[in-house]
1. Would you please calculate the Kirkwood hydrodynamic radius of the stretch 389-432 over all C-alpha pairs and express it in Å, rounded to one decimal?
2. Count charges around ALA352 for me, please; just the other residues with Cβ under 12 Å from its Cβ, Lys/Arg as +1, Asp/Glu as -1.
3. Which value in nm describes the separation of the simple spin-label points at ILE380 and SER305, placed 7 Å from the Cα toward the beta carbon?
4. Using per-residue counts of other Cβ atoms within 10 Å, averaged over each peptide, order 102-110, 330-338, 284-292, 116-124 from highest down.
5. Within a 10 angstrom radius of the beta carbon, how do THR23, THR362, THR127 rank from fewest other beta carbons to most?
6. Going down the table (LYS77/LYS120; LYS2/LYS109; LYS312/LYS412; LYS15/LYS77; LYS254/LYS334), which pairs top 20 Å between alpha carbons?
7. Among SER320, ALA292, LEU303, flag the residue with its Cα farthest along the positive direction of the charge dipole of the stretch 286-326, charges on Cβ as +1 for Lys/Arg and -1 for Asp/Glu.
8. Could you give the nm distance between label points at LYS312 and ASP161, where each point is 7 Å from its Cα heading toward the beta carbon?
Amino acid sequence: MKPVIALVGRPNVGKSTLFNRLTRSRDALVADLPGLTRDRHYGEGRVGERPFLVIDTGGFEPVAKEGIMFEMAKQTKQAVVEADIVIFIVDGRQGLTPHDKTITDFLRKSGRSVMLVVNKAEGMKYTSVTADFYELGLGDPYVISAAHGDGVADLVDEALDIALAQRPDLGEEVDVARGIKIAIVGRPNVGKSTLVNTLLGEERVIAFDMPGTTRDSIEIPFERDGKQYTLIDTAGIRRRGKVFEAIEKFSVVKTLQSISETNVVLLLLDAQQDISEQDAHIAGFVLESGRALVVGVNKWDGLQSDRRDEIKMDLERKLSFLSFAKFHFISALKSTGIGPLMKSIDSAYAAAMSNLTTPKLTRALIEAVEHQQPRRKGSIRPKLRYAHQGGMNPPIVVIHGNALEGVDDSYKRYLEKHFRETFSLVGTPLRIEFRSSK
Ligand code: GDP
Ligand code: GDP
């Protein structure tokens, strides 16, 4: 599991600036996706080889009793609870404020490890920029410039060391997985635990008896139609009994953890409810992760046929950015549609792991270009010469040639569609990168 870092501090101290710096590499990948509202409060980052999740908590006004500030404070508290380590940011140019003290009190009560970080410290002396903040009683402050990047990598390294020292389980991979790893994600009440029960069925007993698995294990191996799978259950949906149904809150962090541990994401939607902003957010996380995806539209039982048509249209409109994935209309309760759903999971995984050779890719590329040329940009027409596979899961197609920066988005989409069709890549995102030689 990835360590979770929460960024906390009053407004304007530089939290989003730091957040963007920590997650920047991923931003570029999703910047041009149409129709996707993204929750910029959660992201994945990496220093060196070490991955982590980071939560940006927005502004924190712990004194607010209602309204937007109250809501933000509530979210901050949830983030602190879910974090392994809190990075508490203060503003080195402004110095200590009463608000910083209130936040310190709150953090102290939370019992979480806190690193005090003085931001905006570029060009300033350590002793002068930190002097004010010793009063908070949080020890020697770390000093960074989020805007310039000074001290950021060291800070995160240190944060991860602290997180791992507390929870050694975070780092080590206790991998009992067999077969394809599946994570079922979706908002509360869409039917996740019902589906888990349906999938595990009698296999449940066997799953618990396997070495390395316990009742609290997040990896639950199971078998279906003679094939091995492993359910990744970071959110604890399997353990959730009826009693907890109402109080179990949705956790973005746990959802992100599940997604990052898995091979294939099974996104579950509720056909008897409108597609919500929360559904779209979760879908956005999946897309950003690059994981293979199958969508289960659950509670398909007991719907009139015209209602079903309406739902399908609504799905196409709101989740058009998931058109690479297969949609299955199922009932977890009645156990209908599950066989084909599992087949799609198999094929999505196979697609994500496709091995595309350079000759095959180049042939497909030439075919695509012969059929339709890229538009000229100014007087220059981009020249696409050959392609090789730059990665798996998701497959990355790297196209080489000249003046490729002139290739427009619609042509990029055309190429993606062509590669998808040529290599039957259903159920996995496909990334296309261009590499120009002079
Ligand atoms: P947030 O409200 O805590 O998320 O703060 P922002 O990230 O939006 O930053 C608030 C302001 O501080 C912006 O104008 C940033 O450009 C600026 N800022 C952030 N980091 C630094 C820094 O390291 N140095 C300086 N000089 N300004 C910074
Ligand atoms: P979770 O919060 O996503 O784990 O959802 P649950 O599995 O707890 O299901 C929420 C509610 O939806 C329960 O009352 C289930 O009985 C019901 N439910 C789950 N799957 C189906 C289904 O396929 N059809 C119908 N009609 N109800 C379902």
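1. 11.1
2. Summing Lys/Arg as +1 and Asp/Glu as -1 gives +2.
3. Each label point lies 7 Å from its Cα, and together they span 5.7 nm.
4. The most tightly packed comes first, giving 284-292, 116-124, 330-338, 102-110.
5. THR127, THR362, THR23
6. Beyond 20 Å between Cα atoms: LYS77/LYS120; LYS2/LYS109; LYS312/LYS412; LYS254/LYS334.
7. Positive-most Cα among the choices belongs to ALA292.
8. Label at LYS312, label at ASP161, 5.9 nm between them.
No value in this document is a laboratory result; all are computed from the given coordinates. This is a predicted model, so every value here is computed, not measured. Ideal geometry is used to build each Cβ from the backbone, glycine not excepted, and the neighbour counts take in all protein chains shown.
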